[in-house]
Amino acid sequence: MTLQLLTPVRLGALALKNRVVMAPLTRCRCDNAGYVPSEMMRRYYAQRAGAGLIVSEGTIVSPQARGYPFTPGIWSDEQVAGWRRVTDAVHEKGGLIVCQLWHCGRLSLPEFHGGKPPVAPSAINPNWKMFSPSGQPETVTPHALTRDEIAGVVADFRRAAANALAAGFDGAEIHSSNGYLFHQFFSRDANTRDDEYGGSHENRARFFCQVLEAVGQVMPFDRLGCRLNPMMNRFHGVNVDADTVPMWEHVVARANAYGLAYLHLSEAFMPRQLDDTPHALSDVGAHFRPLAKMPLIANGGFDRDTGEARLHAGLCDAVAYGRAWIANPDLVERFARGAPLNPPDLATFYSGGEKGYLDYATLSA
Ligand SMILES: Cc1cc2nc3c(=O)[nH]c(=O)nc-3n(C[C@H](O)[C@H](O)[C@H](O)COP(=O)(O)O)c2cc1C
């Protein structure tokens, strides 16, 4: 019997040859001077073009958006040219690729911003350890964005989306999750503003909606997705509280109005992440499926059989795999044949050059 995972599906304007999506994966193999995608990255993504859809690693929309070393950007001509080499290589192999647009907000360090603090909705330190060439420094109290500065960030996302199309991407995904800038606006832990960007659900979703509207001016909405991961507790400085589920229900309801290509929804996948909160959802996908009026990509801790079962249960339209794609460039073929998977090497997730990046074995190699 054919696996449903291997059948085609349409997500808005994106026609996927199968439902095995490659989740966005920051791998820190970029040139660190101009944040330009490297030749190594071209080969890495081309190796994984068997995915129904590749979501690129988080790609920063401006220098201000940066939170890590060796991560790519998409504001300069040089970066667009670098990404063009990547998207051409994926398309030549029959793949599809969207660009994940990222702003880290307060999950960043002064050393990435000429000694100045990073930005956030409010001046609240997430108290988190970050990665940098100098080790694992602690975060600092960020600068609270003014309303004019928020308008500047919205414009940065608009430019990044236009650049993504110029670079040959098939669309874009807003990284509205994982404790980064959008999540900071949604979360009461991080957003204590008393203007139109803080307080009510509507106000805390305002920045997100403004970005969707700005991006929609340069990219059709049916090529745009967004990523949500509501159940982040004690991770990246955000928590799950009594307001979390109602807030994210509001975000999904607002996103419904735009006719997006998809909602990319992560389950809690970190061990013990939800242990000490009574406000957790045990099944994020089942909760949000009936609320989302758009195709849904499920992610977080799935293997072939649990992903297939998810599709059969009608709880999603495609399944995104993260760590499995790191270690298995021919993941779709392995699923088709029921072949065992290579285990991922954690030590080379964020560094190591070609090792742990380009050298995972395929079934045919
Ligand atoms: C090395 C690594 C890098 C990641 N980078 C990103 C990223 O850039 N953007 C993002 O939204 N999620 C990122 N994630 C989260 C993954 O997309 C995914 O949600 C997570 O790995 C759970 O899926 P899995 O259980 O299939 O691995 C990253 C995860 C890993 C392990």
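The values are calculated or read from the model by the stated rules, or taken from the named source; none is laboratory data. Source: prediction; values computed, not measured. A quick note on method: Cβ atoms are made from the backbone with ideal geometry, for glycine too, and the neighbour counts reach across all protein chains shown.
Here are a few things to note about the model shown:
- Criterion (closer than 23 Å to Gly95 by Cβ and of a type in the set (Lys, Arg)) met by exactly one of Arg310, Arg289: Arg310
- Contact map, the range 74-85: residues that are of a type in the set (S, T, N, Q) and in a loop (DSSP other than H, G, I, E, B) paired with residues that are at pLDDT below 95 and surrounded by fewer than 16 Cβ atoms within 10 Å (Cβ to Cβ), Cβ distance under 9 Å, separation 6+ or inter-chain. Pairs shown: Ser76/Gly34.
- Qualifying positions in the range 133-154 - more than 20 Å from Gly198 (Cα to Cα), in contact (Cβ under 8 Å) with a residue 12 or more places away in the chain and surrounded by fewer than 16 Cβ atoms within 10 Å (Cβ to Cβ): Pro133, Ser134, Pro137
- Members of the range 137-177 that are in a loop (DSSP other than H, G, I, E, B), modelled with pLDDT of 95 or more and under 19 Å from the mean Cα position of the chain (by Cα): Ala167, Gly168, Phe169, Asp170, His175, Ser176
- Close pairs from the range 292-312: first closer than 14 Å to Leu6 by Cα, partner within 9 Å of the ligand (Cβ to nearest atom), Cβ under 7 Å, at least 6 apart: Gly307/Val319; Arg310/Phe302; Arg310/Val319; Leu311/Val319
- Considering the range 1-16, the residues that are of a type outside the set (A, V, I, L, M, F, W, C) and assigned to a loop (DSSP other than H, G, I, E, B) include one that is nearest to Leu260 (Cα to Cα), namely Gly12.
- Every listed requirement among (1) buried (at least 18 other Cβ atoms within 10 Å of the Cβ); (2) touching a residue at least 24 places away in the same chain (Cβ under 8 Å) is met by Ala327 save one, (1).
- Residue match in the range 219-233 (condition: more than 16 Å from the ligand (Cβ to nearest atom), aliphatic (A, V, I, L, M) and touching a residue at least 24 places away in the same chain (Cβ under 8 Å)): yes
- Candidate set: the range 279-292, residues that are of a type in the set (Gly, Ala, Ser) and in contact with a helix residue (DSSP H, G or I) (Cβ under 8 Å, 6 or more places away or on another chain); chosen: the one nearest to the ligand (Cβ to nearest atom): Gly285
- Considered as a group, the residues in the range 260-277 that are over 22 Å from Pro290 (Cα atoms) and away from the ligand (no atom under 14 Å from the Cβ) include one that is modelled with the highest pLDDT, and that residue is Thr277.
- Of all residues in the range 58-73, those satisfying the criterion of being over 18 Å from Phe185 (Cα atoms) and outside any loop (DSSP other than H, G, I, E, B) are Gly58, Thr59, Pro63, Gly73.
- Condition broken by Leu341, with the remaining ones in (1) more than 30 Å from Leu358 (Cβ to Cβ); (2) surrounded by fewer than 20 Cβ atoms within 10 Å (Cβ to Cβ) satisfied: (1)
- Qualifying residue in the range 219-227 (condition: among the small types (Gly, Ala, Ser) and at pLDDT below 95): no
- Selection within the range 100-122 - among the hydrophobic types (A, V, I, L, M, F, W, C), outside any loop (DSSP other than H, G, I, E, B) and more than 14 Å from the ligand (Cβ to nearest atom): Phe112, Val119, Ala120
- In the set Val218, Val245, Val238, only one residue is within 12 Å of Phe185 (Cα to Cα) and among the β-branched types (Val, Ile, Thr); that residue is Val238.
Table: residues versus (1) at pLDDT 95 or above; (2) over 29 Å from Ala298 (Cβ atoms).
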site: Ala13; (1), (2): yes, no
site: Asn32; (1), (2): no, yes
site: Arg43; (1), (2): yes, no
site: Ala46; (1), (2): yes, no
site: Ala51; (1), (2): yes, no
site: Thr59; (1), (2): yes, no
site: Arg66; (1), (2): yes, yes
site: Pro69; (1), (2): no, yes
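- Selected residue (criterion: farthest from the ligand (Cβ to nearest atom)) from residues of the range 293-341 that are assigned to a helix (DSSP H, G or I) and touching a Pro at 6+ places or on another chain (Cβ under 8 Å): Arg334
- No other residue among Val319, Val284 is modelled with pLDDT under 95 and crowded, with 20+ Cβ neighbours inside 10 Å apart from Val284.
- Residue check, Ala242 in contact with a helix residue (DSSP H, G or I) (Cβ under 8 Å, 6 or more places away or on another chain) and either over 23 Å from Leu14 (Cα atoms) or in a helix (DSSP H, G or I) (or both): no
- The range 273-292, residues that are within 26 Å of Ile326 (Cα to Cα) and not in a loop (DSSP other than H, G, I, E, B): Val284, Gly285
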